[in-house]
Each structure stands twice: as C-alpha cells, then as structure tokens.
Amino acid sequence: MPRRTRGPVPDVGARGPDGTPPEVPVASGVSPGAVIPDGRSPGSTTPEVSREWATIDGTAYRRVVLCFLFRPSPTGREVLLGLKRTGFGTGRVVALGGKVDGDESDLDSAVREVEEESGIVLPPSGLRYAGRISWSFPARPGWNMQSALFTAEAGRSVPVPCEEIEPRWYPVDAIPWAAMWKDAPHWLPQLLAGTRIDAHIEMAADNDGVARATIS
C-alpha cells in the first residue's frame, strides 16, 4: 500500500512538529468542513475549525492518534516504540501515531498510521481504546494536540523501518525514559499497566518541560 503524503507525526509528548499549521485562536465552537490553507473559510475573517480539530473549553486542539503494540517475549512483555529518524524529534524514542486526516475516525487513523510507520497491518477489531490525552502549549497554542490512545497485540508481526521511524521493541519494565519527551513518564506507565488514560498535560513556557500534569 503506497504511503500517503502527510505532515510530520506527533511524538509521545510532542510539542509541535515542523510545518505545524498556523496557530488557531480560541474558537467559540467547531464548524464542520474543510479549512482552506490560511485557516479561514472562504470569504470569512473568522478562523474555522475542521473535523481535524477539536475544541476543549473553547480552545482548539489538533486531533491525533497514538497506538501501542505489544508482544510476549521470553523475558516478559514488550512494547513497540520507534526511533525518530527525520524531522522534529530526530533521535527521540516516540510512539507510533500521527494526525487524523479529514473525516477519518480515530480508529481508522490509528490502523493507517501503524501500517505506514511499521508495515504492520492490524484489523480495526484488533485495536483496543486506551483513553485520551491532550497537550496544551500556552506559549504556542497552534501546537495544542488531543490524542486518542489505542493498544493492540502484534503477535508474530515483524515491524519494518520507514523513512521517518525505526520501530524497536522495548521491555515494558525498561522503557528508555531519558530518550523520550519529558511528559511521557507522567502518563505512559499507567497505559503500560493496562489502565485507561484520561490526561491533560500543560507544557511549560519553553515548550519542553511540563508545567502541570492531570492524570486520571
């Protein structure tokens, strides 16, 4: 299946990929439909939010998905993450995932992203919803993201590197936290333990550190 053309993939706790869309001011509501490149509907001076964006308390968040694949190993359970090869976050260990395209459902987006980034084809019925997390960037609102989280069993599937990501298996009890974005330790252990996530991360003014983490 040919790889679709799309924007950079958000990392675990990413803070705004290269080529991030223009910052979206606080919106009073969500208007369905496409957004032209400058973020405004034709003939309007008011920014219009498409289905690729969600609103939380009146603020726009880009919809994304993250999917965590698991497999058994002789030494215990492992999770599939990836070493970012190009673009924003190069050299970091990140989750498989990316932006929701157009009218895609979160589930369909997760299936597509896993295939694009690892070559592993998952049936939609094989994914389990694992919760939702949002990241707000007070210093850069255009980087706000809301992600649906999914998990799946990979079985004997063998991941294949792509230009953007080099997939790697990691023991769930030996996650390379130092190589990941700083928000990951606040919420990822709960997901790895099988607990559904409902989290909001407020990033610090430097768009790197964590100012506040609300996890439930």
Of the residues in the range 94-108, those that are surrounded by fewer than 21 Cβ atoms within 10 Å (Cβ to Cβ) and within 17 Å of LYS182 (Cα to Cα) number 0
Suppose the filter is assigned to a helix (DSSP H, G or I) and over 13 Å from the mean Cα position of the chain (by Cα); does ASP108 pass it? yes
If you go through the range 169-181 one residue at a time, do you hit one that is within 23 Å of ALA60 (Cβ to Cβ) and modelled with pLDDT under 95? yes
Selected residue [under 18 Å from the mean Cα position of the chain (by Cα) and at pLDDT below 50] from PRO21, PRO47, PRO37: PRO21
Consider only pairs whose beta carbons are under 7 Å apart and that are at least six residues apart or on different chains; among these, list those whose first residue lies in the range 175-187 and is free of Cβ contacts under 8 Å to residues at least 40 places away in the same chain and whose second residue is surrounded by 18 or more Cβ atoms within 10 Å (Cβ to Cβ). TRP177/ALA184; HIS186/ILE201
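Within the range 155-168, can one find any residue that is in contact with a Phe, Trp or Tyr (Cβ under 9 Å, 6 or more places away or on another chain) and either of a type in the set (S, T, N, Q) or farther than 23 Å from THR90 by Cα (or both)? Give the steps one after another, and end with the answer.
The initial filter retains those residues of the range 155-168 that are in contact with a Phe, Trp or Tyr (Cβ under 9 Å, 6 or more places away or on another chain), namely 159.
Pick out the ones that are also either of a type in the set (S, T, N, Q) or farther than 23 Å from THR90 by Cα (or both) and you get none.
Within the range 155-168, none of the residues are in contact with a Phe, Trp or Tyr (Cβ under 9 Å, 6 or more places away or on another chain) and either of a type in the set (S, T, N, Q) or farther than 23 Å from THR90 by Cα (or both).
Has the range 112-121 got at least one residue that is surrounded by fewer than 19 Cβ atoms within 10 Å (Cβ to Cβ), among the aliphatic types (A, V, I, L, M) and at pLDDT 95 or above? Talk me through it step by step, then tell me what you get.
Step one: filter the range 112-121 for residues surrounded by fewer than 19 Cβ atoms within 10 Å (Cβ to Cβ), giving 115, 119, 121.
Still in the list and also among the aliphatic types (A, V, I, L, M): 121.
Cutting the leftovers down to at pLDDT 95 or above gives us 121.
Within the range 112-121, one or more residues are surrounded by fewer than 19 Cβ atoms within 10 Å (Cβ to Cβ), among the aliphatic types (A, V, I, L, M) and at pLDDT 95 or above.
Rundown of residues vs (1) surrounded by 18 or more Cβ atoms within 10 Å (Cβ to Cβ); (2) closer than 27 Å to TYR129 by Cβ; (3) at pLDDT 95 or above; (4) within 15 Å of the chain's Cα centre (by Cα), yes/no style:
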position: SER41; (1), (2), (3), (4): no, no, no, no
position: ARG51; (1), (2), (3), (4): no, yes, no, no
position: GLY58; (1), (2), (3), (4): no, yes, no, no
position: GLY82; (1), (2), (3), (4): yes, yes, yes, yes
So which pairs qualify, if the first residue must be in the range 93-106 and under 21 Å from VAL160 (Cβ atoms), the second must be at pLDDT below 95 and of a type in the set (D, E, K, R), the Cβ gap must be under 8 Å, and the two must be at least 6 apart or on different chains? VAL93/LYS84; VAL94/ASP11; VAL94/LYS84; ALA95/ASP11; GLY98/ARG6
When you check SER118 against the structure, is it touching a residue at least 40 places away in the same chain (Cβ under 8 Å) and among the polar types (S, T, N, Q), yes or no? yes
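A quick yes/no check of all residues on (1) within 24 Å of MET203 (Cα to Cα); (2) surrounded by 21 or more Cβ atoms within 10 Å (Cβ to Cβ); (3) modelled with pLDDT under 95; (4) in contact with a helix residue (DSSP H, G or I) (Cβ under 8 Å, 6 or more places away or on another chain):
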position	(1), (2), (3), (4)
THR86	yes, no, yes, no
GLY89	yes, yes, yes, no
ARG92	yes, no, yes, yes
ALA110	no, yes, no, no
PRO138	yes, no, no, no
PRO141	yes, no, yes, no
SER147	yes, yes, no, no
Selection over the range 156-183 where residues are small (Gly, Ala, Ser) and either loosely packed, with under 13 Cβ neighbours inside 10 Å or in contact with a helix residue (DSSP H, G or I) (Cβ under 6 Å, 6 or more places away or on another chain) (or both) yields a count of 2
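The values are calculated or read from the model by the stated rules, or taken from the named source; none is laboratory data. Bear in mind the structure is a predicted one, so any value in this text is a computation, not a measurement. Because the Cβ atoms are built from the backbone with ideal geometry, glycine has one as well, and the counts that use them run over all protein chains shown.
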